[in-house]
Amino acid sequence: LNSRSGRIYLFPAVAPSAEVAFRNFQARGGFLVSACKDAQRVYHVEIQARRDLPCQLMNPWPGRPVVVHEVGETKPVAVQLDQRNGECLVFAAVANHKYQVEPK
(Lines give C-alpha, C1' and ligand atoms only; values in the text may rest on other atoms or scores of the structure.)
Protein backbone atom coordinates (compact mmCIF):
# COMPACT_ATOMS: atom_id res chain seq x y z
CA LEU A 1 0.00 0.00 0.00
CA ASN A 2 1.26 3.47 -0.87
CA SER A 3 -0.64 6.61 0.04
CA ARG A 4 2.03 9.26 0.56
CA SER A 5 0.51 11.45 -2.20
CA GLY A 6 -2.93 11.27 -0.61
CA ARG A 7 -4.04 8.75 -3.23
CA ILE A 8 -4.26 5.11 -2.22
CA TYR A 9 -2.29 2.74 -4.48
CA LEU A 10 -2.90 -0.98 -3.92
CA PHE A 11 -0.04 -3.41 -4.54
CA PRO A 12 2.30 -0.81 -6.12
CA ALA A 13 5.44 -2.96 -5.93
CA VAL A 14 3.96 -6.45 -6.21
CA ALA A 15 4.60 -8.75 -9.16
CA PRO A 16 1.44 -9.32 -11.24
CA SER A 17 1.62 -13.09 -10.62
CA ALA A 18 1.91 -12.73 -6.83
CA GLU A 19 -0.79 -13.65 -4.33
CA VAL A 20 -1.01 -11.00 -1.62
CA ALA A 21 -3.50 -9.94 1.05
CA PHE A 22 -3.43 -7.36 3.80
CA ARG A 23 -5.85 -6.13 6.43
CA ASN A 24 -6.30 -2.71 8.01
CA PHE A 25 -3.20 -1.03 6.63
CA GLN A 26 -3.21 2.65 7.56
CA ALA A 27 -3.45 5.02 4.59
CA ARG A 28 -2.90 8.78 4.60
CA GLY A 29 -5.99 10.72 5.64
CA GLY A 30 -7.19 8.22 8.21
CA PHE A 31 -8.28 5.22 6.13
CA LEU A 32 -7.87 1.56 7.07
CA VAL A 33 -7.48 -0.46 3.89
CA SER A 34 -7.84 -4.20 3.34
CA ALA A 35 -7.27 -5.86 -0.04
CA CYS A 36 -6.54 -9.23 -1.65
CA LYS A 37 -5.19 -10.25 -5.03
CA ASP A 38 -4.23 -13.47 -6.70
CA ALA A 39 -2.28 -14.07 -9.90
CA GLN A 40 -5.28 -13.11 -12.04
CA ARG A 41 -6.91 -10.13 -10.32
CA VAL A 42 -7.65 -7.95 -7.33
CA TYR A 43 -10.71 -9.60 -5.77
CA HIS A 44 -11.33 -7.75 -2.50
CA VAL A 45 -11.04 -4.08 -1.53
CA GLU A 46 -12.50 -2.65 1.68
CA ILE A 47 -11.85 0.80 3.12
CA GLN A 48 -12.84 2.05 6.55
CA ALA A 49 -12.86 5.79 7.06
CA ARG A 50 -11.69 7.13 10.40
CA ARG A 51 -12.56 10.73 9.44
CA ASP A 52 -15.02 12.55 7.18
CA LEU A 53 -12.80 13.06 4.16
CA PRO A 54 -12.82 12.33 0.42
CA CYS A 55 -11.23 8.96 -0.26
CA GLN A 56 -8.91 8.81 -3.28
CA LEU A 57 -8.26 5.29 -4.52
CA MET A 58 -6.38 4.47 -7.70
CA ASN A 59 -8.61 2.15 -9.71
CA PRO A 60 -7.51 -1.45 -9.03
CA TRP A 61 -9.24 -2.42 -12.30
CA PRO A 62 -7.96 0.21 -14.78
CA GLY A 63 -10.28 0.79 -17.71
CA ARG A 64 -13.22 -0.87 -15.98
CA PRO A 65 -16.09 0.91 -14.23
CA VAL A 66 -16.19 0.50 -10.45
CA VAL A 67 -18.96 0.59 -7.88
CA VAL A 68 -18.51 1.63 -4.23
CA HIS A 69 -21.07 0.87 -1.54
CA GLU A 70 -21.16 0.82 2.22
CA VAL A 71 -20.64 -2.65 3.64
CA GLY A 72 -24.08 -4.18 4.23
CA GLU A 73 -25.81 -1.73 1.86
CA THR A 74 -26.73 -2.17 -1.79
CA LYS A 75 -27.15 1.47 -2.79
CA PRO A 76 -23.95 2.70 -4.45
CA VAL A 77 -22.00 5.70 -3.20
CA ALA A 78 -21.39 8.51 -5.72
CA VAL A 79 -17.91 8.18 -7.26
CA GLN A 80 -16.05 10.68 -9.40
CA LEU A 81 -13.23 9.66 -11.71
CA ASP A 82 -10.19 11.94 -11.58
CA GLN A 83 -8.04 11.19 -14.64
CA ARG A 84 -5.39 13.88 -14.18
CA ASN A 85 -2.76 11.29 -13.30
CA GLY A 86 -4.18 7.82 -13.84
CA GLU A 87 -7.64 6.61 -12.90
CA CYS A 88 -8.38 7.86 -9.38
CA LEU A 89 -11.73 7.03 -7.81
CA VAL A 90 -12.89 9.78 -5.46
CA PHE A 91 -15.83 9.41 -3.07
CA ALA A 92 -17.03 11.14 0.10
CA ALA A 93 -16.17 8.89 3.03
CA VAL A 94 -17.87 9.19 6.41
CA ALA A 95 -16.07 8.48 9.68
CA ASN A 96 -16.55 4.95 11.04
CA HIS A 97 -18.16 3.68 7.82
CA LYS A 98 -16.74 0.81 5.76
CA TYR A 99 -16.84 0.75 1.97
CA GLN A 100 -16.60 -2.16 -0.43
CA VAL A 101 -15.07 -1.39 -3.84
CA GLU A 102 -15.86 -3.74 -6.73
CA PRO A 103 -15.71 -3.79 -10.52
CA LYS A 104 -19.12 -3.45 -12.20
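At a glance:
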| quantity | calculated |
| --- | --- |
| Segment 1-58 - convex hull of alpha carbons, volume per residue in Å³ | 67 |
| Low-density loop positions, GluC sites (Glu not before Pro), the chain - DSSP coil, at most 13 other Cβ in 10 Å | Glu19, Glu73 |
| Listed values (i) 32, 13, 12; (ii) 19, 15, 14; (iii) 22, 15, 14, entry calculated as semi-axes √(5λ) of the Cα gyration tensor in Å | (ii) |
| DSSP-defined beta bridges in the chain - what % are antiparallel, rounded to 5 | 95 |
| Inter-label distance for Arg84 and Ser34, nm, one decimal - labels placed 7 Å from Cα along Cα-to-Cβ | 3.2 |
| For Trp61, residues with placed amide H under 5 Å, excluding near neighbours | none |
| Rounded percent of accessible protein surface that carbon and sulfur make up, the chain, 1.4 Å probe | 48 |
| Solvent-accessible area per residue for the chain (1.4 angstrom probe, square angstrom) | 60 |
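The values are calculated or read from the model by the stated rules, or taken from the named source; none is laboratory data. It should be emphasised that the depicted structure is a prediction, and the values quoted were computed from it without experimental measurement. Positions of Cβ are generated from backbone atoms using ideal geometry, with glycine treated the same way; all protein chains shown enter the neighbour counts. To get the accessible areas, we keep the full protein, side chains included, count just its heavy atoms, and leave off ligands, DNA and RNA. Shrake-Rupley method; radii C 1.70, N 1.55, O 1.52, S 1.80 Å.
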